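Contents: one structure, followed by commentary.
The values are calculated or read from the model by the stated rules, or taken from the named source; none is laboratory data. Just so you know, these numbers come straight off a predicted model, no measurement behind them. In this analysis, Cβ positions are derived from the backbone assuming ideal geometry, glycine residues included, and neighbour counts consider all displayed protein chains.
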Amino acid sequence: MSVLIFAEVENGKLKRSSQESIFYGAKVAGMMGTSATVIVAGQSDNSSLAEAGKYGASKVLHATDARLNEPNGMAYATVVAAAARQEGASVIVLAKSSLADAMTARLAGKLKAGLAANVIELPDLSNGFRVKSSIYTGKAFAYNDLKADTKILAIKKNTIAVEETDAAATVESFTPALNDGDFAVTVKNVVKATGDILLPEADLVVSAGRGLKGPENWGIVEDLAKALGAATACSKPVSDLDWRPHHEHVGQTGIKVSPNLYIAAGISGAIQHLAGVNSSKVIVVINKDPEAPFFKSADYGIVGDVFDVLPRLTKAAQAL
Amino acid sequence: MKILVCVTSVPDTTTKITFTDNNTKLSKAGVTFITGPYDDYALARAVELKEKLGASVTVLNVGGVDAEPVIRKCLAIGADDAIRVNAEPRDAFFVAEQIAAIAKENKYDLILMGRESIDFNGGQVHGIVGEMLGIPSISPVMLLDIDGDTVKITREIEGGKEELEAKLPLVLGCQEPIAEWKIPNMRGIMTARTKPLKVVEPTGTDVLTDVSGYELPPARGAVKMIKAEDAETLIQLLRTEAKII
Ligand SMILES: Cc1cc2nc3c(=O)[nH]c(=O)nc-3n(C[C@H](O)[C@H](O)[C@H](O)COP(=O)(O)OP(=O)(O)OC[C@H]3O[C@@H](n4cnc5c(N)ncnc54)[C@H](O)[C@@H]3O)c2cc1C
Ligand SMILES: Nc1ncnc2c1ncn2[C@@H]1O[C@H](COP(=O)(O)O)[C@@H](O)[C@H]1O
């Protein structure tokens, strides 16, 4: 019995979401009276892997097969399943990401595991294994009783406040048997925004809607985001109109975010938009229409013109 | 080519979700059920592929009889026939087992699903089905083109996209802009009435996850309004009161 956490390393550092999942997994291990092991696949140096200790893991398994240097959901699922078997893991924790999403289900299939997605709290072990998850796109929560021997938890961002210690984890190399079938999909090209703060990982988000009138006006949104160190997002019509790339679109049919701060400028607050952002800790709404429905779901509101308010907020943020 | 499209019947996206029976059941009173919006993208692309390349399109739902209006609508949009597995969907594993059983019997070249259902939002069924059938699963798919036996796919990732190539058979979870949502026309609605809808009983009874109850999110506190002319105070409040910047 142990807890296994899948972690991702980016630019030589454990991703923020992975720090959170390691901390979460270590807490679960503590509750179960067992230890937490991390599994990482692909190129990484040992010092960044040992950092997993800071978040509570005692050991890191590092799968280094050259074929794993490119992220690959199917092959990574095989790696994690092999690690779970070796470690006798009864709980596997992953943070939601485009890579982890491709793995969780394949893992559940391989291990015949009970699976809870969008987990938002530590489990309750007083009576079986119960976890709370977000359902109906954030409009409700479910309490899931996981009955299988192996349990997989895909946790949402901001589920747990991470604390660090100075501990270091030991790093062991791990050589799983891979299947050729895991490499049946070939990656031809990857197009990825660089330098920007990626929306799903961001703590702060500045988002704008049709109220911005056109793509040429996005400078004021980007300026505020930059001043705050925030990622940018948008409503669906904005990405449908090609004012902004699709991966910035949040809501029912877009990305679901749960940052500490979500600033919505010139967005009316349709229920499908709220669905993707309503688990943000603090919501700020800026809209010239005092009747805009979004104000009902906001913590702070400003009735005003985005073209006046956003630049002033930027100045104030720069002055901090 | 044989295409299977798996669809859910879910509360309309504008539904205010509430529960009954001591928070153990979704309250269905006054709720309109629709095809999952992502499933609609999958179906629309399947119908386009049928028109372009020639294919049969089968719609599959694991659900009770109350899902039939949604299934009929899919037939009206252009699917050729439908299968309903007569069981309340319990967890993703159970649903995947049903879909995999049908797929093993009928050998589809392409299994299209939505990126995620909008009720439980697991985004899991396609991956489990792929694993059960031993074929690749890819999600969320934004573009799908078939060129001979090569399938070209664009998948969304954080901050961008991946261009992929694979061979059939495949399981894909779809999202926009793979196709435009289609609305049934009058002729479609008429012919849908006579298209075959087969009802089959479920296989396997594995339920690995049980929902013991539901809860609604706590209401947000009252909104604090700031005058536009004092907009700058917002930044101060975010620092000193909310303590998030
Ligand atoms: C099945 C389905 C799924 C959907 N999924 C999504 C989704 O994932 N995400 C999403 O966002 N939408 C989604 N929608 C669409 C949603 O219903 C709304 O149409 C959309 O969110 C509106 O976008 P908006 O607020 O940018 O535009 P609008 O509704 O046009 O609102 C613009 C707002 O800007 C304000 N404004 C205008 N000018 C100014 C100014 N100068 N200063 C300040 N404020 C100004 C206006 O008062 C207005 O409130 C979905 C719809 C359906 C049916
Ligand atoms: N009960 C069901 N019947 C048919 N297809 C389903 C069912 N549940 C989920 N699916 C398919 O699987 C996709 C992902 O669902 P989920 O894993 O629940 O988010 C959906 O978009 C559907 O295409």
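For this structure, a couple of remarks:
- Within the range B:218-231, the residues that satisfy the criterion of being in a loop (DSSP other than H, G, I, E, B) and surrounded by 15 or more Cβ atoms within 10 Å (Cβ to Cβ) are B:V223, B:A231.
- Filter pass, B:R239 being charged (D, E, K, R), over 19 Å from A:V303 (Cβ atoms) and more than 10 Å from every other protein chain (Cβ to nearest Cβ): no
- Restricting the range B:36-65 to residues that are within 15 Å of ligand 1 (Cβ to nearest atom) and in contact with a strand residue (DSSP E or B) (Cβ under 7 Å, 6 or more places away or on another chain), the residue that is nearest to the other protein chains (Cβ to nearest Cβ): B:Y38
- Residue match in the range B:123-132 (condition: touching a helix residue (DSSP H, G or I) at 6+ places or on another chain (Cβ under 9 Å), within 16 Å of ligand 1 (Cβ to nearest atom) and assigned to a loop (DSSP other than H, G, I, E, B)): yes
- Filtered residues of the range B:154-177 (kept if surrounded by 23 or more Cβ atoms within 10 Å (Cβ to Cβ) and more than 8 Å from every other protein chain (Cβ to nearest Cβ)): B:L170, B:V171, B:L172, B:G173, B:C174
- Annotation note: Cβ proximity below 6 Å between a residue of the range B:7-27 that is away from every other protein chain (no Cβ under 12 Å) and a residue that is more than 11 Å from ligand 1 (Cβ to nearest atom) and of a type in the set (D, E) (sequence gap 6+ or interchain) occurs for B:V7/B:D39; B:T8/B:D39.
Matching residues to (1) touching a Ser or Thr at 6+ places or on another chain (Cβ under 8 Å); (2) within 13 Å of another protein chain (Cβ to nearest Cβ); (3) within 16 Å of ligand 2 (Cβ to nearest atom):
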site	(1), (2), (3)
A:V185	no, yes, no
A:A193	no, yes, no
A:P200	yes, yes, no
A:G214	no, no, no
A:V221	yes, no, no
A:T232	yes, yes, no
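- Verdict on A:S268 being crowded, with 22+ Cβ neighbours inside 10 Å and of a type in the set (G, A, S): no
- Set B:E68, B:E88, B:E116: member being within 13 Å of ligand 2 (Cβ to nearest atom), away from chain A (no Cβ under 14 Å), assigned to a loop (DSSP other than H, G, I, E, B) and in contact (Cβ under 8 Å) with a residue 24 or more places away in the chain: B:E88
- Flag if B:I17 is in contact with a Phe, Trp or Tyr (Cβ under 7 Å, 6 or more places away or on another chain) and within 16 Å of ligand 1 (Cβ to nearest atom): yes
- Among (1) in a helix (DSSP H, G or I); (2) away from chain A (no Cβ under 11 Å), the one test that B:T205 misses: (1)
- Residues of the range A:139-167 classified as more than 9 Å from every other protein chain (Cβ to nearest Cβ), within 24 Å of the chain's Cα centre (by Cα), assigned to a loop (DSSP other than H, G, I, E, B) and of a type outside the set (S, T, N, Q), total: 7
- Any hit, the range A:171-180, residues being in contact with a helix residue (DSSP H, G or I) (Cβ under 7 Å, 6 or more places away or on another chain) and at pLDDT 95 or above: yes
- Meets criteria (assigned to a loop (DSSP other than H, G, I, E, B), at pLDDT 90 or above and exposed (fewer than 15 other Cβ atoms within 10 Å of the Cβ)) for B:I183: yes
- In the range A:194-214, the qualifying residues are those that are closer than 14 Å to A:N158 by Cβ and not acidic (D, E), and the one that is farthest from ligand 1 (Cβ to nearest atom) is A:L204.
- Members of the range A:257-273 found to be at pLDDT 95 or above and either closer than 20 Å to A:E291 by Cβ or within 6 Å of ligand 1 (Cβ to nearest atom) (or both), listed by number: A:I263, A:A264, A:A265, A:G266, A:I267, A:S268, A:G269, A:A270, A:H273
- Filtered residues of the range B:110-130 (kept if surrounded by fewer than 24 Cβ atoms within 10 Å (Cβ to Cβ) and under 25 Å from B:L216 (Cα atoms)): B:D119, B:N121
- Checked against the criterion of being more than 9 Å from chain B (Cβ to nearest Cβ), part of a loop (DSSP other than H, G, I, E, B), touching a strand residue (DSSP E or B) at 6+ places or on another chain (Cβ under 6 Å) and within 11 Å of ligand 1 (Cβ to nearest atom), the range A:301-317 contains not a single residue that satisfies it.
- Selection from the range A:194-228 of residues that are of a type outside the set (D, E) and at pLDDT below 95: A:T194, A:G195, A:I197, A:L198, A:L199, A:P200, A:A202
- Members of the range B:91-113 that are of a type in the set (A, V, I, L, M, F, W, C) and either assigned to a helix (DSSP H, G or I) or out of contact with any strand residue (DSSP E or B) (no Cβ under 7 Å at 6 or more places or on another chain) (or both): B:A92, B:F93, B:F94, B:V95, B:A96, B:I99, B:A100, B:A101, B:I102, B:A103
- Being within 13 Å of chain B (Cβ to nearest Cβ), in contact with a Leu (Cβ under 7 Å, 6 or more places away or on another chain) and in contact (Cβ under 8 Å) with a residue 12 or more places away in the chain is true of A:A81.
Matching residues to (1) surrounded by fewer than 20 Cβ atoms within 10 Å (Cβ to Cβ); (2) over 24 Å from B:R220 (Cβ atoms); (3) among the hydroxyl-bearing types (S, T, Y):
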| site | (1), (2), (3) |
| --- | --- |
| A:A225 | no, no, no |
| A:T253 | no, no, yes |
| A:A292 | no, no, no |
| A:A298 | no, no, no |
| A:I302 | no, no, no |
| A:A319 | yes, yes, no |
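- Residues that are modelled with pLDDT under 95 and either closer than 17 Å to A:L320 by Cβ or at the interface with chain A (Cβ under 8 Å from one of its Cβ atoms) (or both) within the range B:216-236 comprise B:L216, B:P217, B:R220, B:G221, listed in sequence order.
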